[in-house]
Amino acid sequence: MVRALDLTRRFGELTAVDHLSLHVAKGEVFGLVGPDGAGKTTTLRMLCALMDPTSGSAEVAGCDVAKDPQGVKDRIGYMAQRFGLYQDLTVEENMVFYADLFGISKQDRNRMMPRFLEMTRMAPFRERPAGKLSGGMKQKLALMCTLLHKPEVLFLDEPTNGVDPVSRRDFWVILYDLVKQGMTVFVTTAYLDEAERCDRVGLMDKGRLIQCDTPAHLKEKLPESTWQVASPNSRQAREALARVPGVLSVEPSGANLHVFAGPEVEAGALEAAAPGSRVEKIVPSIEDVFIAHIRRAQRQ
């Protein structure tokens, strides 16, 4: 449903997206993950035919983004970081307005709107002005407006940014329901824990796609071992552990430290460097995988 080959976008001397290649299958939840400024939004805008690539090519739902941009737009739903809701209009009025923009018949509108309101649990708030909704409710309303013309591919640009944890969970439940109905979802996020919810994940930094695989395979392929160290003096322990030969990086993780080290490093070496600490080998999270890749690139 989505295919990009050497997709590149430059702004003067700045290369925002650097020879990015990826593919997304039908019915897949694909997550593009990375820090602010990594090039996620620029990638999304090119795939949605809202911005021309400097070089490279891309197809979405069988349409070339450069040669047939309108064909792409007819087949996708795009929810930007700041969706254009009208604050003075109610939930229902916003949906009717977007239905009119999409040219949706009154019959289809009357059939779809109640279903979306029920799916998102927004039916009790249909008469509430959008400006008086919570952040999570605004995102649900934006999603409903995006879905009205039945897109084949749904592009979401950091849809849960600034949304409370409960609303984030509810939002992902809705996305899973859409995928069960055959939709393909392409989502960008800076929340690395959300990457665990995707079928496949692309890790992006400084315009480049550095890894792309399932969350499980990304963890398995990490060349470094991941250790968790609980120390009564984290600052002192972090400095000491960083000096152990074979240690790539030592990063704070809540009240503990996560140590990324080569296979030659054993628990005894870490315990000797930070006496009184509790050391255990752990399965890395996606956040651990991403940080390890970034630190390795910085060293190189």
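Data table
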quantity: In order through the range 30-47: 3J(HN,Hα) via Karplus (6.51 cos²θ - 1.76 cosθ + 1.60), integer Hz, x for Gly, Pro; calculated: 10, x, 9, 10, x, x, 4, x, 6, x, 5, 5, 4, 4, 4, 5, 5, 5
quantity: Cβ-derived FRET efficiency at R0 22 Å, Asn233 paired with Ala269, nearest 0.05; calculated: 0.75
quantity: Charge-dipole axis of the range 1-119 as Lys and Arg at +1 and Asp and Glu at -1 on Cβ define it, positive-most pick from Gln81, Gly103, Leu50; calculated: Gly103
quantity: Cα gyration tensor, the range 1-68 - rounded (a/c under 1.5), prolate or oblate; calculated: oblate
quantity: Nearest 10 degrees, 0 to 90: helix 91-101 Cα axis against the chain principal axis; calculated: 70 degrees
quantity: Expected 222 nm ellipticity per residue - DSSP helices of 4 or more, -39500 (n - 2.57), all of the chain, to 500; calculated: -10500 deg cm²/dmol
quantity: Considering only the chain, percent of DSSP beta bridges that pair antiparallel, nearest 5; calculated: 65 percent
quantity: Among Gly31, Ala269, Val244 - extreme Cα towards positive end, dipole of the chain, charges at beta-carbon; calculated: Gly31
quantity: Those GluC sites (Glu not before Pro) in the range 9-101 that DSSP places in a loop and that have at most 14 other beta carbons within 10 Å; calculated: Glu13
quantity: Rh by Kirkwood over Cα pairs, then Stokes-Einstein D for the range 138-285 at 1.306 mPa s and 10 °C, µm²/s; calculated: 88 µm²/s
quantity: Listed pairs Lys180/Lys219; Lys40/Lys67; Lys73/Lys106; Lys138/Lys281 exceeding 32 Å between Cα atoms; calculated: Lys138/Lys281
quantity: Contact order normalised by residue count of the range 2-218, Cα under 8 Å, 6+ apart, percent; calculated: 31 percent
quantity: Selection from Ile291, Ala230, Met112 lying farthest towards where the dipole of the chain points positive, charges on Cβ; calculated: Met112
quantity: Peptides ranked, highest mean first, by Cβ atoms within 10 Å: ranges 81-89, 284-292, 268-276; calculated: 284-292, 268-276, 81-89
quantity: Cα-based equivalent ellipsoid of the range 64-148: semi-axis lengths in Å, sorted from largest, via gyration tensor; calculated: 23, 15, 11
quantity: Helix axis angle, 106-119 relative to the chain longest principal axis, alpha carbon, degrees; calculated: 30 degrees
quantity: Cubic angstrom per residue, convex hull over Cα atoms of the chain; calculated: 150 Å³
quantity: Highest average packing first - 101-109, 228-236, Cβ atoms within 10 Å; calculated: 228-236, 101-109
quantity: Value of relative contact order over the range 130-288, rounded to a whole percent, pairs C-alpha under 8 Å and six or more apart; calculated: 18 percent
quantity: For the range 1-133: rounded, prolate or oblate by the Cα gyration tensor [a/c cutoff 1.5]; calculated: prolate
quantity: Cβ charges +1 (Lys, Arg) and -1 (Asp, Glu), total dipole of the chain, debye; calculated: 400 debye
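Values quoted throughout were computed directly from the atomic coordinates according to the rules given, and no laboratory measurement underlies them. From a predicted model like this one, the values you see are computed outputs, not experimental measurements. Every residue, glycine as well, gets a Cβ built from its backbone with ideal geometry; the counts of neighbours run over all protein chains shown.
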